Amino acid sequence: MNMNELKKTDPEVYKAIEEEIRREQDKIVLIASENYASRAVLEAQGSVFTNKYAEGYPDRRYYGGCEYADVVEKLAIERAKELFTGAEHVNVQPHSGTQANMAVYFSVLKPGDRILGMNLSHGGHLSHGAHVNFSGAFYETFSYGVDRETGMIDYDEVRRLAKQYRPKLLLAGASAYSRIIDFKALAAIAREAGAYFLADIAHIAGLVATDNHPSPVAYADFVTSTTHKTLRGPRGGIIICKAEYARMIDKMVFPGIQGGPLVHVIAAKAVAFREALRPEFRRYQLQIIKNAGELADALVRKGFRVISGGTDNHMMLIDLTGMNITGKDAETALDRAGITVNKNAIPYDEKPASVASGIRIGTPIVTSRRMKEPEMVIIADLIDRVLKNKDNSETIKHVRDRVKALCKRFPVYEDIEI
Ligand code: DSN
């Protein structure tokens, strides 16, 4: 990636990008919702398609000169359909996961209608009805959580709540839930309650696309996702839906809630979907899961409490209650040592979300760097050392040096010229 022009034109932005490249290279990033997109994805996203207005859809645009925009949008749609078996219709224009969800809500709900989704503080997502989000402001929202003992979704409880509140939309999907989600069971609950069923697979899209997690596509009226998490594409969203809702969804995305699509991002989505169709991507997703399992086991061996006892997917939630450290302080101490995680509320957390009693850890990025099980054991050891010696600057420095050495062995974007 040649940035010579940028270096001359805007040294300040150039420097920030250079430092961000170094940060991504030199730290062990364990943010469960992030990934490092390929150079091909970055090139498509940084392309001249950023110059183009293409309001409308392929072959039905409101601007001239859209012939090549049509090419990339059609490719993105075709490849997404191939990737998510059974997808009847795909819209690749949502700018984000939240906007994908907004398009679904605005299509089938009226203000004041009822939504039942997973509680934010039990692992759900802001856009699933949290009161601080438009979804909580526009709709009457109810939530289900996880069982206090098992840390898992209690499907009988979801059924009970669905019967009691009769939501118009039942939502599945999470930002911090480490177990398989039974989409089939949730679809049946939605049907019994007379609700639409929306599965937001943002976190697990890569796992779903490669059969490493059961797919909701056959059961759900709507499936939404981001494209930049396990799927490893550019930052953005998509909607998959049954053919009967295709027109309604397309009209709601544009002109309903968005103007011109981000054609450069759609081009990059097409590239990412092609990459995701390769056999190596399936192996990559499997390795993400193996790495998360190994890391969770190693942390349990060190005495940490992993919510639900482990993980079936790309992430885990660590309960720090009883370890004399908050999620916030753990995040800060780990980052000083070169390990980036985020503080996260745990189910039934007594601390405010800004402090939190837990941290969330995910393996998509370290797996993109080709780290495997032995490195996960090392990372668990480094996390343990930092969290048990957070005020010992020598330990922090020692871990920082070991992190740098590990990162050197597993480079990212090594051919990017900066
Ligand atoms: N904020 C994202 C996450 O970290 O899970 C979801 O949008």
Checklist outcome for this item: Taking first residues from the stretch 161-175 that are on the phi > 0 side of the Ramachandran plot and second residues anywhere that are away from the ligand (no atom under 16 Å from the Cβ) and not in a strand (DSSP E or B), the pairs with Cβ under 8 Å that are 6 or more apart or on different chains are R166/A193; R166/G194; R166/A195
Item to check | Tally, over the stretch 385-406, of residues that are touching a Gly at 6+ places or on another chain (Cβ under 8 Å) and of a type outside the set (K, R) | outcome: 2
Item to check | Filter result for D200 (more than 22 Å from Y245 (Cα to Cα) and among the charged types (D, E, K, R)) | outcome: no
Next on the checklist: Just checking, does the stretch 14-32 include any residue being buried (at least 17 other Cβ atoms within 10 Å of the Cβ) and over 25 Å from T340 (Cβ atoms)?
Outcome noted: no
Checklist entry - Assuming R305 fulfils every condition listed in (1) within 29 Å of A190 (Cα to Cα); (2) without any contact (Cβ under 8 Å) to a residue 40 or more places away in the chain; (3) touching a Leu at 6+ places or on another chain (Cβ under 9 Å) apart from one, which condition is it? => result (1)
Checklist outcome for this item: Within the stretch 65-110, of all residues that are of a type in the set (V, I, T) and crowded, with 16+ Cβ neighbours inside 10 Å, the one nearest to H125 (Cα to Cα) is T98
Checklist entry - Among the residues of the stretch 350-373, is there at least one that is surrounded by fewer than 20 Cβ atoms within 10 Å (Cβ to Cβ), at pLDDT below 95 and of a type in the set (G, A, S)? => result yes
Item to check | Elements of type helices (runs of 4 or more DSSP H) contained in the stretch 1-114, each with 1 or more residues being away from the ligand (no atom under 16 Å from the Cβ) and in contact with a Cys (Cβ under 8 Å, 6 or more places away or on another chain) | outcome: 11-26
Checklist entry - Name the pairs whose Cβ atoms lie under 6 Å apart, with the first residue in the stretch 199-222 and acidic (D, E), the second within 16 Å of the ligand (Cβ to nearest atom) and assigned to a loop (DSSP other than H, G, I, E, B), and 6 or more positions between them or separate chains? => result D200/G173
Checklist entry - Residues of the stretch 216-231 being farther than 21 Å from Y105 by Cα and either surrounded by fewer than 24 Cβ atoms within 10 Å (Cβ to Cβ) or of a type in the set (S, T, N, Q) (or both), which ones? => result T230
Checklist entry - How many residues does the stretch 127-151 hold that are farther than 18 Å from Q164 by Cβ, more than 15 Å from the ligand (Cβ to nearest atom) and touching a residue at least 12 places away in the same chain (Cβ under 8 Å)? => result 5
Checklist outcome for this item: Here the qualifying pairs (Cβ atoms under 6 Å; residues six or more apart or on different chains; first in the stretch 111-126 and touching a residue at least 40 places away in the same chain (Cβ under 8 Å) and on the phi > 0 side of the Ramachandran plot; second within 16 Å of the ligand (Cβ to nearest atom) and among the aliphatic types (A, V, I, L, M)) come out as G123/A174; G123/A176
Checklist entry - Which residue, of L186, L169, L198, is more than 16 Å from the ligand (Cβ to nearest atom), crowded, with 24+ Cβ neighbours inside 10 Å and more than 16 Å from H122 (Cβ to Cβ)? => result L169
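The values are calculated or read from the model by the stated rules, or taken from the named source; none is laboratory data. What you see is a predicted model; the values in this text were computed from it and never measured. Cβ: placed from backbone, ideal geometry, glycine included. Neighbour counts: every protein chain shown.
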